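Q: My questions all concern the structure below.
Please treat every number below as a calculation from the coordinates, not as lab data. Everything numeric in this text was worked out from a predicted model, so none of it was measured. Cβ coordinates were reconstructed from backbone atoms using ideal geometry, including for glycine residues, and neighbour counts include every protein chain displayed.
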Amino acid sequence: MASRKGQARIETDELGEVTIPAGCYWGIGTSRALEVFSATGRPSHSLLIEAVVQVKKACAQTNGELGLLPRQIVSAITQVCDEILSGQWREQFVVDAVHGGAGAGLIININEVLANRASEILGDSLESLASVNATKHVNLSQSNNDVYTTAMRIACLSATKKLQATVLEMERLLRRKSLEFERVVKVGRTALRDDAPITLGQEFNCFGSTIEHGLRRIKDASHHLEEIGLGGRSVGTGFNTAPDFHNVVVRHLSQLTGFSLRAADDYFRLTQSMSDFVAVSSSLRELAADLAKIATDLRLMGSGPTAGFGEIKLPDSILQQSPLWPDVLPKTGIPPLTESLLMVCYQVIGNDHVVCLAAQAGQLENNTLTPVIIDNILVSVSMLQTALDIFNHHCLIKITADTFKCRETLDRSSALIAALTTEVGYQKAIEIIDSARAQKIDVREYLQSTTTVSKSSLDKIFHYKYLTTPHLLEAGTPPENPE
């Protein structure tokens, strides 16, 4: 119930009176939520708000089609939904992102905004008795449980769809880099010790394959989110809901979202179990773990420029004063984007732990911690989306190889022992490596100064394919010359 008090309005409920500021479409329920929920200091993610509004629009259309709502009220509610989805009224959604009650605060907030704005469309003012009621009309055939968990699914699908495009772009960039570096042979390392030769292209192709598998896991996990429980109401029984509601609302919501949604095969499971969200969060964690490993490898390979690996050149993004003599020496460039990506990855891994804990904390017929589940997932997706977009365009695409450094390090290492063994035997190969080191020249230069190995054999064993493709190495019976 509302009454006028200056430019503001007074609304009352069983707990008493509340003054609602002028121009606010939300009402007393939202005001109550604002008093007690302020954990993060920010509202719910925009994708979640949009998803709830899409659910509300689909429910209004369904209730109208089933003859449960008057046509003019359906029209007014859907008009407000369209206004919100086009970007209007976003400042009206003020409930904190993390709040108790299984998302009830956000649902109340949106219900009140939809009802009051729809009433305004039908000719009422905010201070008058409303033609559209938040509970009787906007929330008809619904409960907070089935609406919020369905909106969580829609929001996750929308978020991961955008992320998948960015991850795919990264995979393609890595594949292109692998072709660019196909002939750049370098020292392979296991436990950070010299091992058999590998091409820089093979390393980048491995990065690409890793990202491809991560993308596949996200797609597989997201597929399960297309099953929705609208119509199950608060506990999954569908009590006080029209028998055809769930099938009709799935059709409308599929049309609104563009996703191939399907009705739940078990409404109780979708109300109680958060395992589908755990799977999505887990796929993000797995991607983050792989990205962190790749970022660390790139940092190692790009370390230097003099005392590090120096095998690749990472683009400088910012300048800093020289730590040695800041007032005299010029500023030096530093490549911080791998470090930025690492921090995002660690945050995503931490967010996944929160999701897992909250998912197992539900009791009986629902989970009241759903807001922290969806918030952490959407924050993880958003951080990965932004970080990868920047990393792709400002770092990855600009990486170049230092072919001289790669060859120099390889020629000075013991990684060539296996290749030399096919020509001169293992013991002689060891002697050659030791002699080259003693003279402080690379192995290729040492061999060129002796008659130990013929020029044709030398060209063969230093060929990138010979060094980095499968074949048996037996002294005296070397494999065919590579093409």
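Q: Diagonalise the Cα gyration tensor of the range 51-122 and give the resulting equivalent ellipsoid semi-axes, square root of 5 times each eigenvalue, largest first, whole Å. Walk me through the numbers on the way to the answer.
A: Values: eigenvalues 94, 40, 20 Å².
Gyration-tensor ellipsoid for the range 51-122: 22, 14, 10 Å.
Q: Please compute the length gained on full extension between residue 459 and residue 190, using 0.36 nm multiplied by the number of residues separating them and subtracting their Cα-Cα distance.
A: Details: separation 269, 0.36 × 269 = 96.84 nm, distance 2.66 nm.
Length gained, residue 459 through residue 190: 94.2 nm.
Q: Quick one, can you get me the convex hull of the C-alpha atoms of the range 146-401 expressed as volume per residue in Å³? Intermediate values should be presented prior to the final figure.
A: Values: hull volume 38.2 nm³, N = 256.
In the range 146-401, the Cα convex hull volume per residue is 149 Å³.
Q: Okay, next question. Would you mind calculating the relative contact order of the chain from Cα pairs under 8 angstrom and at least 6 residues apart, reporting the percent as a whole number? List each step's numbers first, then the result.
A: On the way: 790 pairs, mean separation 70.7, N = 483.
Computed value for the chain: 15 percent relative contact order.
Q: Be a star and scan the range 346-384 for residues whose amide nitrogen sits under 14 Å from the point 7 Å along the Cα-to-Cβ vector of residue 85.
A: So the set is empty, nothing qualifies.
Q: From the P(r) of the range 60-100, can you give the percent of Cα pairs sitting at distances over 17 Å? Numbers along the way, then the final one.
A: Details: 397 of 820 pairs.
Of all Cα-Cα pairs in the range 60-100, 48 percent lie more than 17 Å apart.
Q: Oh, and also: So what's the range 62-214 giving for Rg/Rh, alpha carbon basis, Kirkwood Rh from the mean inverse pair distance?
A: Numbers: Rg = 26.3 Å, Rh = 20.0 Å.
Ratio of gyration radius to Kirkwood radius for the range 62-214: 1.32.
Q: Then there's this: Pairs of Cα atoms under 8 Å, at least six residues apart: use those to get the relative contact order of the range 21-140, whole percent.
A: Working: 158 pairs, mean separation 45.0, N = 120.
Result for the range 21-140 is 37 percent.
Q: Rounded to whole Hz and in sequence order, give me ³J(HN,Hα) for the range 417-426 from the Karplus expression 6.51 cos²θ - 1.76 cosθ + 1.60, θ = phi - 60°, writing x for Gly and Pro.
A: After applying 6.51 cos²θ - 1.76 cosθ + 1.60, I find 4, 4, 5, 5, 4, 5, 9, 10, x, 5 Hz.
Q: Continuing with this model, one more query. Mind sorting 26, 89 by how few other Cβ atoms lie within 10 Å of their own Cβ, fewest first?
A: 89, 26
Q: Evaluate E = 1/(1 + (r/R0)^6) for residue 75 and residue 240, where r is the Cβ-Cβ distance and R0 equals 35 Å; express this FRET efficiency to the nearest 0.05.
A: Details: r = 24 Å, r/R0 = 0.70.
Efficiency for this residue pair is about 0.90.
Q: Aspartates and glutamates near residue 136 by alpha-carbon distance under 12 Å, same-chain residues fewer than 8 away left out - which ones?
A: Excluding near neighbours in sequence, the set is 112.
Q: Now for a separate question. Once you have the Kirkwood Rh of the chain from its Cα pairs, apply Stokes-Einstein at 20 °C and 1.002 mPa s and quote D in µm²/s. Can you show the working numbers first?
A: Working: Rh = 26.6 Å.
Translational D for this selection: 81 µm²/s.
Q: Then there's this: If packing is taken as the mean number of other Cβ atoms within 10 Å per residue, what is the order of 90-101, 107-118, highest first? Kindly include the intermediate steps, with their values, before the conclusion.
A: Values: 90-101: 18.8, 107-118: 26.8.
The densest-packed peptide leads the list: 107-118, 90-101.
Q: Among the listed pairs 57/161; 56/219; 398/440; 161/465; 219/465, which have their C-alpha atoms separated by more than 32 angstrom in this model? Present the calculation step by step, with values, prior to reporting the outcome.
A: Numbers: 57/161 22 Å; 56/219 26 Å; 398/440 34 Å; 161/465 39 Å; 219/465 35 Å.
Exceeds cut-off: 398/440; 161/465; 219/465.
Q: Please report Rg over Rh for the range 412-468, where both radii come from the alpha carbon positions and Rh follows the Kirkwood definition. Provide the component values of the computation, followed by the final result.
A: Values: Rg = 10.2 Å, Rh = 11.2 Å.
When Rh is taken as the Kirkwood radius, the ratio is 0.91.
Q: In whole Å, what is the distance between the alpha-carbon centres of the range 158-216 and the range 8-83?
A: About 47 Å separates the Cα centre of the range 158-216 from the one of the range 8-83.
Q: Could you please rank 460, 56, 186, 465, placing first whichever residue has the fewest other Cβ atoms within 10 Å of its Cβ?
A: Values: 460 21, 56 25, 186 30, 465 15.
Least crowded to most crowded, the residues run 465, 460, 56, 186.
Q: If you don't mind, there's one more thing I want to ask. Could you work out the pair-distance distribution P(r) of the range 21-140 from its alpha-carbon pairs, with 5 angstrom bin width and percents rounded to whole numbers?
A: Whole-percent P(r) values from 0 Å outward: 2, 12, 24, 25, 20, 12, 5, 1, 0.
Q: Among 78, 150, which comes first, second and so on when ranked by fewest other beta-carbon atoms within 10 Å? Let's see the in-between values first.
A: Details: 78 18, 150 30.
By the 10 Å Cβ count, ascending: 78, 150.
Q: Return the calculated 222 nm mean residue ellipticity for the chain, to the nearest 500 deg cm²/dmol, obtained by summing -39500 (n - 2.57) across DSSP H runs with n ≥ 4 and dividing by the residue count.
A: Numbers: 17 runs with 265 residues, N = 483.
Here the helix-only value at 222 nm equals -18000 deg cm²/dmol.
Q: Within a Cβ distance under 12 Å of residue 251, other residues only, what is the Lys/Arg minus Asp/Glu net charge? Show your work: numbers first, answer last.
A: Details: positive: 262; negative: 65, 244.
It works out to a net charge of -1.
Q: Follow-up question, since we're still on this one. Just the number, please: percent antiparallel of the DSSP beta bridges in the chain, rounded to the nearest 5. Could the numbers behind the result be given before it?
A: Working: 22 of 24 bridges.
Here the share of antiparallel DSSP bridges comes out near 90 percent.
Q: Once label points are set 7 Å from the Cα along Cα→Cβ at both residue 39 and residue 431, what is their separation, rounded to one decimal in nm?
A: 7.3 nm
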